[in-house]
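*Asks:* Pasting in a structure now, in structure tokens, and then I'll have a few things to ask.
The values are calculated or read from the model by the stated rules, or taken from the named source; none is laboratory data. Here the structure is a predicted model, which is why all the values come from computation and not from measurement. No Cβ is skipped: glycine too gets one built from the backbone with ideal geometry, and neighbour counts run over all protein chains shown.
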Amino acid sequence: MQTHPADPERVQNDSPPGPNPTVQPRRLSDLLQAVLDAPASPEERIYLGGLIDSFGNSAFGALIFIFALPVAVPIAIPGISALLGAPLLLLTWQLMRGRAQPWLPDVMRNRSFQRKDFRSIVGRVLPWVRWLERLVRPRLSMLAIGRAERIVGALAFALALILFLPVPFGNTVPALAVAILALALLERDGIAILVGATVGFTGIAIVSGVILALVQGAILLVRSVIQL
């Protein structure tokens, strides 16, 4: 029977040894393609826990990218930010704390979907992932490993928090930044991390501006009501 880590707060010192920084993780497109090519019937279900295990030392970047991308793409699915924001928060928190492998509670690990549905979604996303992978490559890798990886996790965690805010059109840019940062970690691309950080701080500035404008508007509205 498969066992799972029991302590979400356990940091890297108590976790299994992290991935070797000299070994390049597999590309996200290869990981997704391997899941698609695995021999199985179309009606078989894919479990989130199984995906985590199959991603190996690329699990953090792959999962964060997978959860962030649907929020970054402007699609009209009510509540998608709150639905995907929770696992994003959990994953980015653990990345910030320096865990070697992601931990998810059993209620999340046991979530599943039919393989044919997974094939349909991944089939549409995979060409875009491959296109993005042509733009990134290992460079300035010191910005994507070790302590720098924790700093990236802290920024991604702050951006994931924004996804819970009910700000009109305020989720797209932060989620895009998280997706860029995740792909940059997978490819150990320091330049892409700088790009993702720039997009992230831009998203924070936009959301802060919108919130400030809403607060000022609410204050003016209250004052006008009081003066009536």
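*Asks:* (1) at pLDDT 80 or above; (2) under 22 Å from Arg137 (Cβ atoms): which one isn't true of Gln24, the others all being true?
*Replies:* (1)
*Asks:* Consider the stretch 154-173. How many of its residues are more than 12 Å from Ala197 (Cβ to Cβ) and part of a helix (DSSP H, G or I)? Working first, answer last.
*Replies:* The initial filter retains those residues of the stretch 154-173 that are more than 12 Å from Ala197 (Cβ to Cβ), namely 157, 160-173.
If we keep only those that are part of a helix (DSSP H, G or I) too, we end up with 157, 160-162, 172-173.
Qualifying residue count for the region: 6.
*Asks:* For Ala154, state whether it is farther than 25 Å from Gly49 by Cβ, of a type in the set (Gly, Ala, Ser) and touching a residue at least 40 places away in the same chain (Cβ under 8 Å). First the steps, then the outcome.
*Replies:* Details: farther than 25 Å from Gly49 by Cβ: yes; of a type in the set (Gly, Ala, Ser): yes; touching a residue at least 40 places away in the same chain (Cβ under 8 Å): yes.
Yes, satisfied.
*Asks:* Further question: Applying the selection to the stretch 108-148, what residues are without any contact (Cβ under 8 Å) to a residue 60 or more places away in the chain, assigned to a helix (DSSP H, G or I), of a type in the set (Lys, Arg) and more than 19 Å from Ala68 (Cβ to Cβ)?
*Replies:* Residue satisfying the conditions is Arg147 alone.
*Asks:* Next question, about the same structure. Can you tell me which of Gln114, Gln101 is closer than 27 Å to Gly50 by Cα, in contact with a Phe, Trp or Tyr (Cβ under 9 Å, 6 or more places away or on another chain) and not aromatic (Phe, Trp, Tyr)? Before the answer, list the steps.
*Replies:* Details: Gln114 fails: in contact with a Phe, Trp or Tyr (Cβ under 9 Å, 6 or more places away or on another chain).
Gln101 is the lone residue from the list that is closer than 27 Å to Gly50 by Cα, in contact with a Phe, Trp or Tyr (Cβ under 9 Å, 6 or more places away or on another chain) and not aromatic (Phe, Trp, Tyr).
*Asks:* While we're looking at this one, here's another question. Return yes when Pro166 is surrounded by 24 or more Cβ atoms within 10 Å (Cβ to Cβ) and farther than 20 Å from Ser58 by Cα and no when it is not. Before you say what the answer is, go through the steps one by one.
*Replies:* Details: surrounded by 24 or more Cβ atoms within 10 Å (Cβ to Cβ): no; farther than 20 Å from Ser58 by Cα: yes.
Answer is no for this residue.
*Asks:* Specify the residue that is nearest to Ala184 (Cα to Cα); the eligible residues are those in the stretch 113-161 that are aliphatic (A, V, I, L, M) and modelled with pLDDT under 85.
*Replies:* Ala144
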